[in-house]
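Remarks on the structure that follows.
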Amino acid sequence: MKLALFDAKPYDMPGFDKYGKERGIEIKYYETKLNEDTVSLAQGADAVCVFVNDTVNAAVIDRLAEYGVKAVLLRCAGYNNVDVEYCFGKIHVMRVPAYSPYAVAEHAMALLLTSIRRIHKAYIRTKDFNFSLNGLTGFDLHGKTVGVVGTGRIGRVFIDICRGFGMKVIAYDKFPADGIDYVTLDELFARADIISLHCPLTGETRHLIGRESIGRMKKGVVIVNTSRGGLIDSEALLEGIKERKIGAACLDVYEEESDVFFRDFSGHIVEDDTLARLMTMPNVLVTSHQAFLTEEALDNIAAATVDNLMEFSDTGLCPNELCYRCGRIEECRKERREKCF
Ligand code: NAI
């Protein structure tokens, strides 16, 4: 099997080299992202492997199919960058549904604690032998209400962590699970001291946090987003911060991150004025889509992606193949463990 791996980073390679070699997969690494301009690099490959900011739109899918590429392997859980419906009948798409929910949930809590206890500021101060505490006053998490949007794998781990801190947890999910105190989204916005987003980005959840919802939140609310940037309207967030409505924002993802994140812009001019303005705010903490980045997660991602490819090549079936929402609900082949096409 030949695999073309796009948007390759040095930290991706050890795991893919290890598991690829074990299974006899020939991997070509490309630093560039997959998009309409770079898709020709996939010629000769049986499958392409992509990450969160590669573009798998109709034009790219047509070209991949034309080159005889059989599968798109997402080395991540989210797939909002893939036109899944358009893939039906043309190319199979698999993802890694879970690799370490702990990595992401722990990063969400790390961001929250760093922000509200001003650890990032204290670190810089003490490095400079400035041991003053002025301006570093935080607040206790114990007793605060956290509103968790999306109670899947990551959301549930985050809830457990919050409960360990003695926080009151309320949640909203389109598909509620047992053992969680669910409220409406309106109630969550109105009651939460901290809001943490763990739902996927879909047409329905885009700009879930926007002018209108921010208006309904408590003054001083802390927003944590480790899910997808498009869940938050960045302009509205900036406004909410300027109006002192939002107490702090902890962002591991950003709406327009694909042009900026994962790259070194030090010494360069960042074109994105909204991001630049957000970064100047003392109460905004940004990490560049780093939440997944643990040794355990990277190893699990590589192992599961290679497993997906081998299972697909051996049987034509893979449980991690996405649902193409083909509309044939009454005769869903995926549910019958048959090939979708
Ligand atoms: P999951 O699929 O286990 O859980 C997602 C939850 O969101 C489900 O319970 C689902 O019912 C719920 N949901 C779906 N539509 C909803 C809606 N309209 N409103 C409210 N809830 C809704 O996914 P998992 O593994 O927990 O991941 C969550 C998100 O985290 C992913 O979609 C992905 O975007 C993001 N992620 C971010 C990473 C990072 O490095 N920053 C790494 C991995 C995932």
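Some points to look at:
- When each of Lys2/Lys90; Lys28/Lys334; Lys127/Lys245; Lys18/Lys90 is checked by Cα-Cα distance, pairs over 20 Å: Lys28/Lys334; Lys127/Lys245; Lys18/Lys90
- For the chain, the dipole from Cβ point charges (+1 on Lys and Arg, -1 on Asp and Glu) about the Cα centre works out to 940 debye, to the nearest 20.
- Here r is the Cβ-Cβ distance between Arg191 and Glu330 and R0 is 45 Å; the resulting FRET efficiency, rounded to 0.05, is 0.65.
- Normalised contact order of segment 167-269, rounded percent, pairs of Cα under 8 Å and 6 or more residues apart: 23
- Base-10 log of normalised Debye intensity for segment 126-282 (one unit scatterer per alpha-carbon) at q = 0.11, 0.12, 0.14, 0.16 Å⁻¹: -0.48, -0.57, -0.76, -0.96
- When peptides 166-175, 23-32, 296-305, 190-199 are ranked by their average number of other Cβ atoms within 10 Å per residue, the highest-first order is 190-199, 296-305, 166-175, 23-32.
- Given charges at beta-carbon only (K, R positive; D, E negative), |dipole| of segment 1-155 in Debye: 680
- Simple label model, 7 Å out from Cα along Cβ direction - Leu136 to Arg211, nm: 4.0
- Among Val69, Ile195, Ala303 the positive-end extreme of the charge dipole of the chain (Cβ point charges): Ile195
- Scattering profile of the chain at q = 0.09, 0.11 Å⁻¹ [log10 I(q)/I(0), Debye over alpha-carbon scatterers]: -0.53, -0.78
- Partners for Lys242 among aspartates and glutamates (Cα-Cα distance below 17 Å; same-chain residues under 8 apart left out): Glu212, Asp233, Asp273
- Evaluated at q = 0.16, 0.21 Å⁻¹: base-10 log I(q)/I(0), Debye formula over Cα of segment 104-157: -0.61, -0.84
- Cβ-Cβ distance of Thr145 and Asp314, R₀ of 51 Å, FRET efficiency by 1/(1 + (r/R0)^6): the value works out to about 0.55.
- Between the C-alpha center of segment 292-341 and that of segment 189-217 there is a gap of 30 Å.
- Under the criterion of Cα pairs below 8 Å and six or more residues apart, the relative contact order for the chain equals 17 percent.
Just so you know, all these numbers are worked out from the coordinates, no wet-lab data involved. This one's a predicted model, so the numbers in the text were calculated from it and none came from an experiment. Every residue, glycine among them, receives a Cβ derived from its backbone with ideal geometry; neighbour counts consider all protein chains shown.
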